[in-house]
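Student: Dropping the structure in here first, questions after.
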Amino acid sequence: MAKLSNAEIRKLDDAARAGWLYYVAGQTQDEIAKKLNISRQSAQRMVALSVSQGLIKVRLDHPVAKCMDLAVKLKSRFGLLSCEVVPSDGSDASSTLGLAQAGAAEIERHLRSTEPKVLAIGTGRVLRACVDELSSLDCEQHKIVALLGNIASDGSASKYDVVVRMAEHINAKHYPMPLPVLPSSKKEKEQLHAQSYVANNLKLSENADVTFVGVGNLGTYSPLHLDGFITSEELDELEKKGAVGEIISWVFDRQGNLLNCAVNQRVASTPLKVGPDKAVYAIAAGEEKVDAILGALRSKMINGLITNEYTAERLLSSE
């Protein structure tokens with residue numbers, strides 16, 4: 001991030017003050033204008049800036065009846081331990097608005113525990129957004145561990161690494177996974193997993209108290225392909241085998257079966273258990289992910305879901 005000028009810092013300070021007065025102190029824009037000795041229009045702009053710059057985090061603290069009903073139905077249909085459905089923007093079938101706030105609230109619930117916990121975290125755009133919504137917390141009693149590496153085949157790092165980003169928000173010991181997502185061969189994967197620091201990370205993540213993952217779809221515009229983790233030829237092979245989605249790069253079909261394919265033989269991520277005895281939350285939504293989320297639910301590798309209203313309705317109407 002570029003260093004801010006003194007004028008830009010003062011502008012953000014004023015915006016933060018205006019946002020606090022409006023959202024926390026409950027004052028009107030007229031009252032804020034008088035208190036800060038500015039015009040009402042300037043107060044309005046400052047409040048808007050406080051939100052657009054992420055200085056103010058807005059969360060819905062009221063259960064929406066329809067969303068609650070959808071969550072109950074999803075829990076019953078797929079045998080989930082936990083499910084939360086947030087309102088969605090009906091005009092945008094791919095919208096993930098609200099997921100980051102709901103995901104952050106669930107992550108914070110575990111971080112606020114006084115008992116030491118190990119939180120295992122996947123990667124991806126939605127989980128990165130969840131982390132950006134976290135409050136600043138002192139969590140030195142907890143451990144945060146990555147479920148997978150963040151390095152592509154050309155050595156470049158993914159910009160959606162979550163554990164390192166999370167360390168910027170909370171004071172907790174964290175364990176990134178310095179590995180390629182897909183080593184060049186199964187033998188190379190086994191050699192990497194034999195390294196003591198990697199073996200320690202794998203053990204931590206396998207026995208985590210709670211796990212948070214995203215669900216990725218497959219196709220030309222899927223994260224695995226766009227971010228350079230699989231080639232076009234590998235993508236073609238997966239599609240021919242019926243692949244619809246992936247969780248921490250483990251690829252599965254619409255019924256939730258892990259595929260016998262080159263990608264799954266090489267993937268270096270921590271294996272997820274079928275029927276886990278601890279909470280494993282998937283956070284995902286959108287029309288392009290319906291089949292992938294459906295496969296994830298059928299796989300029984302997850303037992304918790306945070307999604308939105310539109311996606312919930314599509315999941316319940318799917319055969």
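Nothing in this text is a laboratory measurement; each read-out follows from the coordinates by a stated rule. This is a predicted model, so every value here is computed, not measured. Neighbour counts run over all protein chains shown; Cβ positions are idealised from the backbone, glycine included.
Student: Using a Förster distance of 51 angstrom, determine the FRET efficiency expected from the C-beta separation of SER91 and ASN200, and round it to 0.05.
Tutor: 0.60
Student: Please work out the FRET efficiency for the pair GLU190 and ALA25, using the Cβ-Cβ distance as r and a Förster radius of 41 Å; give the result to the nearest 0.05. Numbers along the way, then the final one.
Tutor: Working: r = 58 Å, r/R0 = 1.42.
The calculated FRET efficiency here is 0.10.
Student: Of the options VAL163, VAL213, LEU272, report the single residue whose Cα projects farthest towards the positive end of the charge dipole of the chain (beta-carbon charges: Lys, Arg +1; Asp, Glu -1).
Tutor: My answer, from the dipole projection, is VAL163.
Student: Share of antiparallel DSSP beta bridges in the stretch 65-317, in percent to the nearest 5? Working shown, then result.
Tutor: Numbers: 8 of 32 bridges.
If I count the DSSP bridges inside the stretch 65-317, around 25 percent turn out antiparallel.
Student: Further, regarding this structure: Using only C-alpha atoms and all pairs of different ones, pull out the Kirkwood radius for the stretch 165-311 in Å with one decimal.
Tutor: Values: mean 1/r = 0.0622 Å⁻¹.
Taking the inverse mean of 1/r over all distinct Cα pairs, the stretch 165-311 comes out at 16.1 Å.
Student: When each pair of different Cα atoms in the stretch 6-52 is counted once in the 1/r mean, what is the Kirkwood radius in angstroms, to one decimal?
Tutor: Numbers: mean 1/r = 0.0985 Å⁻¹.
So the Kirkwood estimate lands at 10.2 Å.
Student: What ranking of SER88, SER318, SER196 emerges when the number of other C-beta atoms within 10 Å of each C-beta is taken as an exposure proxy, fewest first? Don't jump to the answer; show the numbers that get you there.
Tutor: Working: SER88 23, SER318 12, SER196 7.
Starting with the residue having the fewest Cβ neighbours, the order is SER196, SER318, SER88.
Student: How are the Cα pair distances of the stretch 6-130 distributed, in percent, across 10 Å bins from 0?
Tutor: Reading upward from the zero bin: 11, 28, 30, 22, 8, 1.
Student: Under 12 Å between alpha carbons, and skipping anything fewer than 8 positions from LYS300 in its own chain: which aspartates and glutamates qualify?
Tutor: Correct list for LYS300: ASP277.
Student: Per-residue ellipticity at 222 nm for the chain, helices alone: DSSP H runs ≥ 4 residues times -39500 (n - 2.57), over residue total, nearest 500 deg cm²/dmol?
Tutor: Result for the chain: -12000 deg cm²/dmol, rounded to the nearest 500.
Student: Between LEU316 and GLU168, how many nm apart are label points set 7 Å from Cα along the C-beta direction?
Tutor: In this crude spin-label approximation the distance works out to 3.8 nm.
Student: What aspartates and glutamates could a cross-link reach from LYS241, if we take a straight Cα to Cα line under 16 Å and drop same-chain neighbours fewer than 8 places away?
Tutor: Partners within reach: GLU233, ASP253, ASP291.
Student: Would you mind classifying the stretch 86-218 by shape? Square roots of the alpha carbon gyration tensor eigenvalues, ordered a ≥ b ≥ c; an a/c under 1.5 is rounded, otherwise it is prolate if a/b is larger than b/c and oblate if not.
Tutor: Values: a/c = 2.26, a/b = 1.25, b/c = 1.81.
It is oblate, given that a/c is not under 1.5 and a/b is not larger than b/c.
Student: While we're looking at this one, here's another question. Could you pull out every one of the lysines with an alpha carbon less than 27 Å from that of LYS11, ignoring same-chain neighbours closer than 8 positions?
Tutor: Correct list for LYS11: LYS3, LYS34, LYS35, LYS57.
Student: Let me ask something else about it. Defining a contact as two alpha carbons under 8 Å apart and six or more residues distant in sequence, what relative contact order in percent does the chain show? Write down the numbers at each step before the final one.
Tutor: Details: 591 pairs, mean separation 58.5, N = 319.
Normalised by residue count, the contact order of the chain is 18 percent.
Student: Sticking with this structure for a sec: Largest first and to the nearest Å, give the Cα extent of the stretch 65-317 along each principal axis.
Tutor: Per principal axis, max minus min of the Cα coordinates gives 51, 47, 30 Å.
Student: Same structure, new question: Roughly how many nanometres apart are two label points built 7 Å out from the Cα toward the Cβ at LYS278 and LEU137?
Tutor: Each label point lies 7 Å from its Cα, and together they span 1.5 nm.
Student: Based only on other Cβ atoms within 10 Å, what is the fewest-to-most ordering of VAL64, VAL251, VAL244, VAL210?
Tutor: Values: VAL64 14, VAL251 27, VAL244 24, VAL210 20.
By the 10 Å Cβ count, ascending: VAL64, VAL210, VAL244, VAL251.
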